[in-house]
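Step one of this worksheet: look at the structure below.
The values are calculated or read from the model by the stated rules, or taken from the named source; none is laboratory data. Model, not experiment: these values are computed from the prediction. Here the Cβ is made from the backbone with ideal geometry for all residues, glycine too, and neighbour counts use every protein chain on show.
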Amino acid sequence: QVQLVESGGGLVQAGGSLRLSCAASGRYFSTYNMGWFRQAPGKEREFVAGIRSGDSTYYADSVKGRFTISRDNAKNTVYLQLASLKVEDTAVYYCNTIRERIPLRSWGQGTQVTVSS
């Protein structure tokens, strides 16, 4: 069973930046496609960004050009660099293994990102 632990969230002003991390357990991390999702209050969880095992990346239109997903297979970690943050980016951010934009495993605790105006 793969366990996922997100970290790096916080309170930031609009226009600011944060880097989120997601540490995964297990020996096969490098073979997983990984993704980030977010859930804002009162809204459904939504896909944000994905990175395939071969390092190709793809993004939701709402974050394209502002967020960057990357991975370090030696550390079993996937990152999400958030830049030019907007108030509407406020949400709990989660990572997961994915197939395209579909999450495959149980969710971790997530990490809260709050963007103030």
Taking segment 64-115 and keeping residues in contact with a strand residue (DSSP E or B) (Cβ under 8 Å, 6 or more places away or on another chain), under 15 Å from F37 (Cα atoms) and of a type in the set (A, V, I, L, M, F, W, C) leaves F67, I69, V78, L80, L82, A91, V92, C95, I98, L104, W107, V113
Residue in segment 1-60 that is surrounded by the fewest Cβ atoms within 10 Å (Cβ to Cβ), counting only those that are under 12 Å from V78 (Cβ atoms) and polar (S, T, N, Q): S30
Scanning segment 71-103 for residues that are surrounded by 15 or more Cβ atoms within 10 Å (Cβ to Cβ) and hydroxyl-bearing (S, T, Y), which turns out nearest to S21 (Cα to Cα)? Y79
Within segment 34-41, can one find any residue that is more than 18 Å from E6 (Cα to Cα), aromatic (F, W, Y) and modelled with pLDDT of 95 or more? no
